[in-house]
Amino acid sequence: MFFKPDTWSRLATYAVSLAAGAALWQFAASQTRPSILSSFTATVARIYEYALSGVLWNALSSSLLVYFTGLAAAIVFGIGVGLLLARLRLLRIGLESYIMVLYATPMVALIPFIMSMMGFGFAPKALVVFLFALFPILYNTIEGARSVKPELLEVAQSFRSGEWDIWRDVLIPYTLPYAMTGVRQGIGRGLVGLVAGEFFLSGTGIGLLIMQSERDFDVPGLYGSILIVTILGVLLMGIGRMLENHFAAWRGLNR
């Protein structure tokens, strides 16, 4: 048996829930004008047309390249700088207020500024994804590194561990589960940044599909494009949850 009994019951529950949601969507569309709400079957049919014509794969490849570029940069920068700020107390105190202000700032408000500085190409859209995803990763990494027990550092220092040894053997293993929580949050925020960047900077990828459907009054295409973004978000968040659960075991070992 590939799955445990509780896994099968969970999958069955998910399947029944999704089927009920699709049926409710279909019924609601039958009671509403097609110009307002597309039916579930018409929406899925339009996604199938996009897939057959290659439009879907071109849009996904364009959007995912921007997305993963910005997300990868946010992960590397956020975890690296978060660990550094946790170790350098004065630097953290000096920058902490700026980090909190930027974390609380709606990143959409910065898109016009980015557009005026960098234009409409690939780089500004990747920067938008980077900014959306960065601060959850950075904040959780800082909090995780600050929560390292002083006893662990004292033991490492008593064994004459150097700075790099402390980072490798104590700081990084202890902080990684917290950082993965930030990565999971950054995955979702980065996807929001991707769609916002494609809306405001230049129409490409999934954002272009949504704008074209809206312009042409193509209601099934509009709902289909939104459903594609939703499915993509669920898959990415699922990957993020798997990573977080994998590294959460380290948290238990470090307690």
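Its residues counted as N, segment 1-134 yields a C-alpha radius of gyration over 2.2 N^0.38 Å of 1.58. Using only side-chain charges placed at the Cβ, +1 for Lys and Arg and -1 for Asp and Glu, the dipole size of the chain relative to its Cα centre rounds to 400 debye.
The residues of the chain expose, per residue, 57 Å² of accessible area to a 1.4 Å probe. The angle separating the long axis of helix 40-53 from the principal Cα axis of greatest extent in the chain is about 80 degrees. Each distinct pair of alpha carbons in the chain adds a 1/r term; the inverse of their mean, the Kirkwood radius, is 20.9 Å. Helix 89-104 and the longest principal axis of the Cα set of the chain meet at an angle near 10°. Of S97, S213, S62, which is the most mobile in a GNM of the chain whose springs link Cα atoms less than 10 angstrom apart? Answer for the Gaussian network model of the chain: S97. Farthest toward the positive end of the dipole of the chain, out of H246, I187, S38, is the Cα of H246, where the dipole comes from beta carbon charges about the Cα centre. With a 1.4 Å probe and every protein chain kept in, tell me what percent of the accessible surface of the chain is carbon plus sulfur. Carbon and sulfur: 71 percent of the exposed surface of the chain.
Can you give the angle from 0 to 90° between the axis of helix 55-87 and the longest principal axis of the chain, with both taken from C-alpha atoms, to the nearest 10? Here the helix axis deviates by roughly 20 degrees.
The values are calculated or read from the model by the stated rules, or taken from the named source; none is laboratory data. Treat the numbers as computed from the prediction; the structure is a model and nothing was measured. Because the Cβ atoms are built from the backbone with ideal geometry, glycine has one as well, and the counts that use them run over all protein chains shown. Keep in mind that these areas ignore ligands, DNA and RNA; they rest on the heavy atoms of the full protein, side chains included. Shrake-Rupley method; radii C 1.70, N 1.55, O 1.52, S 1.80 Å.
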